[in-house]
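Below is one structure, written out as structure tokens; the observations come after it.
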Amino acid sequence: MSRLVLTLAVENAAPGKAIGIKEAIAMDLEKYGDVKVLQVDVRDPEQMRMASDSDTGKG
């Protein structure tokens, strides 16, 4: 038995729609074989930050 593991990132997904998006993607992929969703992570947008001297080991 062979296995293909995919990692997907969906940008600008509607808030609160993770389960629906996961189901839609899984149903679309079923034409290629059995699909099992291993994990769903919802991440809030992060603000970029500048590295400080303590982060870089300087100073």
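The values are calculated or read from the model by the stated rules, or taken from the named source; none is laboratory data. From a predicted model like this one, the values you see are computed outputs, not experimental measurements. Cβ: placed from backbone, ideal geometry, glycine included. Neighbour counts: every protein chain shown. To get the accessible areas, we keep the full protein, side chains included, count just its heavy atoms, and leave off ligands, DNA and RNA. Shrake-Rupley method; radii C 1.70, N 1.55, O 1.52, S 1.80 Å.
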Among the residues of the range 1-27, write down those that are of a type in the set (Asp, Glu), open to solvent by 100 Å² or more (accessible area, probe 1.4 Å) and assigned to a helix (DSSP H, G or I). none
Across the range 39-59, which residue is modelled with the highest pLDDT among those that are open to solvent by 100 Å² or more (accessible area, probe 1.4 Å) and under 13 Å from the mean Cα position of the chain (by Cα)? Gln39
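Does Lys36 satisfy the condition of being in a helix (DSSP H, G or I), at pLDDT 90 or above, at negative phi and open to solvent by 100 Å² or more (accessible area, probe 1.4 Å)?
no
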What are the residue pairs meeting all of these: first residue in the range 8-24, first residue within 13 Å of Asp44 (Cβ to Cβ), second residue not in a loop (DSSP other than H, G, I, E, B), Cβ atoms under 7 Å, and 6 or more apart or on different chains? Ala13/Ile21
